[in-house]
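What follows is one structure encoded as structure tokens, with my remarks underneath.
Laboratory data are not the source of any read-out in this text; all were calculated from the coordinates shown. Only a predicted model underlies this, so the values are computations on that prediction, with no experimental measurement involved. Cβ placement follows ideal geometry from the backbone for every residue including glycine, while neighbour counts extend to all protein chains displayed.
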Amino acid sequence: MNNKIVQVMDVSKSFAETRVLKNISLDVRDGEVACIIGPSGAGKSTLLRCINRLEEQTSGMIFVAGEPVGFDLRNGRFHELDAAALARQRAGIGMVFQRFNLFPHMTVLENIIEAPVTLRRVKKADAIASATALLASIGLAEKLHDYPAQLSGGQQQRVAIVRALAMRPRLILFDEPTSALDPELVGEVLAVMKKLAKDGMTMIVVTHEIGFAREVADTVHFMVGGEIVESGPAASVLQSPREARTRTFLSRVM
Amino acid sequence: MPMSEFPIVRRRHPWRWVATAVLVLLAAMLAAKVASNPVFVFQAVADYLFEPRILSGVVVTLYVTCGSMAIGLVLGVVLAVMRVSDNPVIDRAAQLFVWFFRGTPVLVQLIFWFNIGIIFPALTLSLPGGEVLFHLSTNSIMTPAVTALLGLGLNEGAYMSEIVRAGILSVDNGQREAAKALGLPPWKVLSRIVLPQALRVIVPPAGNQFVSLLKTSSLVSVIAAGDLLTQATRIYNENFHILELLVVASLWYLLLTTVANIGQYYIERRYSRGFVQSGRTTAFDSVRGLFRRSRDGAPGKGDRPA
């Protein structure tokens, strides 16, 4: 828990005239669970999506495992990577989306093994074996050959987590993973995430689940209006926030 | 009080019977009129339906249609991918192609390709030094069949590209993002994730195009490509059974389009895997359903509940 796996350095992002991220800097250490909380429109998801370059920041640089994401540092200049090299970088960064985004034309199994078989050159039989084991560990073994549309939202999101895991990523980004779920299904997804955290996965989680943050997060970053207002150990930010805006937000959501 | 004591009387539909009676009567009158017509020779229809020249015309129509559809599909996918490309030059080039080939009549294009030898009498590939690698007379390459394939195929490509593009645009952007986040390179995102889902939307209008092309292929009779209509025309120019031979050709066109519809049904079902089945029932569906029910009384594998 000491080497920094993610370093966000002075990142800003503008859509046309609006600045959605303003000089954000934050570090995430190996094995850490970092939660980003804040009101909607704060730029939490945009920041998360910059980390695997689904969004391109306007300025600043993000390093994952020491490499600048989307760039190659040569002779003191950042050269923009081509699509194939960027894809290779992304393969090491898992992502779980608010709306699951499972591939509807593929079965659960095909969803999970698609990337490992295509990119990691894993043998298909091995990929199937490890996918089956992963699914069994979250109680979805019998859903192997179902299509996503046949699963509940909670089951789909758990499959999406397994799909990310199958690539053996260095870290996983979670973009409001429980926001699209019916309330009674939130628990099963959070349980899988807690298990991942316990196993030492590095996780950056944009969430509205303050309870989850309090229980699982090592650090909490509170964002408002494109800025990180307060950062620190989960306990201190959530129990005794220094900033007035953090206190106001927390009193509203708890 | 239990409601089962009051039987439910279903609404009657007397107007359906009236409509049926009127239509049957009209059809019978038409049939009687045609049957009693002294000029129309039914025997000629029967005689020429399987005449070797007609059959060879059916074969030519089929391969011209399938061939130009294949060209159109490949070209359509390439053009559609060019249209959604980040590269503005590539996008514009595809737009220009579509603009030109959709904007001019296919009949004009066919005649143009057929006469291309007038302005380019020969195709020559030579090295910068002047050494000739090959030299071919244009007219020897541009036979009526090749012209038909090229003319219809290029035109079809322009129309298919818009259909494919609509399919690509119909795929939720979250699918692309999920594929990119997994580390799939752009080509794999397109070929494994986006296009297979786009096909579900592409197949119905593409089937429509195919049926349309089956009949549009009759335009190649102007360049004497030997298709079904060309053959029918040749025959009635000899024996003057004009209407009878047009009926023969039409019967074949109807048969081919019916087969195409059945093919489309299966392709559609293949590409709607994983999607909620729509409530749409085609005529073919119900015929198929009749057979299945009488055979085993169980719903088939494809009727998976969503």
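Give the whole-number value, in cubic angstrom per residue, of the convex hull volume spanned by the C-alpha atoms of the stretch B:56-130.
It comes to 166 Å³ per residue, whole-number rounded.
Divided by 2.2 N^0.38 Å, where N counts the residues, the Cα radius of gyration of the protein assembly as shown comes to 1.32. Within the stretch A:208-254, all pairs of alpha-carbon atoms sorted by distance into 10 Å bins from zero give the percentages 28, 64, 7.
Over the stretch A:51-184, the fraction of Cα-Cα pairs per 5 Å bin, rounded to whole percents and listed from the shortest bin up, is 2, 10, 18, 19, 18, 13, 9, 6, 3, 1, 0.
Over the stretch B:15-98, the alpha carbon radius of gyration divided by the compact-protein estimate 2.2 N^0.38 Å works out to 2.11.
Out of every Cα pair in chain A, what percent are spaced more than 34 Å from each other? Each step should come with its number before you reach the end.
On the way: 5430 of 32131 pairs.
The proportion of pairs with Cα distances above 34 Å equals 17 percent.
Here the label points at A:A16 and B:L125, each 7 Å from Cα along the C-beta direction, are separated by 5.1 nm in the simple model.
Could you give the size of the charge dipole of the protein assembly as shown about its Cα centre, using +1 on the Cβ of each K and R and -1 on the Cβ of each D and E, expressed in debye and rounded to the nearest 20?
On the way: 57 positive and 45 negative charges, 176 e Å.
Rounded to the nearest 20 debye, it is 840 debye.
Computed over chain B, the P(r) curve from all C-alpha pair distances, binned at 10 Å from the origin, holds 5, 17, 22, 23, 18, 9, 4, 1, 0, 0, 0 percent per bin.
Over all orientations, the stretch B:146-252 has a Cα convex hull whose mean projected area works out to 8.3 square nanometres. Dividing the mean sequence gap of close Cα pairs (under 8 Å, 6+ apart) by how many residues the stretch B:50-134 holds gives a relative contact order of 10 percent. What would the Debye equation give as log₁₀ I(q)/I(0) for the stretch A:14-118 at q = 0.14 Å⁻¹, counting only Cα atoms as equal point scatterers? Here log10 of I(q) over I(0) equals -0.71. The ratio of the alpha-carbon radius of gyration of the stretch A:102-252 to the globular-protein estimate 2.2 N^0.38 Å is 1.18.
At q = 0.23, 0.27, 0.30 Å⁻¹ the log10 of I(q)/I(0) for the stretch A:146-196 amounts to -0.89, -1.15, -1.29, computed by Debye summation with a single uniform scatterer per C-alpha, solvent ignored.
A straight Cα-to-Cα reach below 30 Å connects A:K143 with the lysines A:K123, A:K124, A:K194, A:K195, A:K198, B:K180, B:K188, B:K301, residues fewer than 8 places away in its own chain not being considered. Straight-line reach from A:K13: taking Cα to Cα under 17 Å and skipping same-chain neighbours fewer than 8 places apart, the lysines in range are A:K22, A:K44.
Within the stretch A:1-59, the proportion of C-alpha pairs whose separation exceeds 13 Å stands at 62%.
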